[in-house]
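Just so it is clear, none of the values below were taken in a lab; they were calculated from the coordinates. Computed from a prediction, not measured in an experiment: that's the story for all the values here. A quick note on method: Cβ atoms are made from the backbone with ideal geometry, for glycine too, and the neighbour counts reach across all protein chains shown.
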Amino acid sequence: MAAISLRKGNTRLPPEVNRVLYVRNLPFNISSEEMYDIFGKYGAIRQIRIGTSKETRGTAFVVYEDIYDAKTAVDHLSGFNVANRYLIVLYYQQSKISKKVDLKKKEDELARMQEKYGISTSKDK
């Protein structure tokens with residue numbers, strides 16, 4: 001009911017609100033069905049992607065059809081307990097993810113250059 005009243009009130013949403021949610025701290029063995037059961041209560045879901053690699057286990061992306069449903073899910077599921085783990089539900093922000101990737105690329109490039117030219121950054125010289 002809350003989502004319907006939001007639409008009628010012509011409420012402006014904060015700029016970070018979007019239809020794509022990034023979920024952390026999931027149990028590693030959670031199934032797609034369990035994800036749809038938990039997140040589907042708040043609206044129609046377009047897609048759920050559960051992390052499977054070593055780096056992405058315990059995370060997922062949930063894409064809602066409607067931005068208001070996504071906001072309701074964040075409001076209700078942040079801190080929700082699943083198998084003794086408290087979910088962290090955030091709005092996906094491409095710019096933050098890109099910055100982490102760019103930083104990692106720059107660090108790797110710097111390490112290659114230091115190795116190539118025999119430069120050490122350790123202070124124990």
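Sequence-ordered 3J(HN,Hα) estimates for the range 53-69 from the Karplus curve with 6.51, -1.76 and 1.60 and θ = phi - 60° stand at 7, 4, 6, 10, 4, x, 10, 7, 10, 10, 10, 8, 6, 10, 5, 5, 5 Hz, glycine and proline given as x. Peptides 20-32, 51-63, ordered by how many other C-beta atoms sit within 10 Å of their residues on average, highest first, read 20-32, 51-63.
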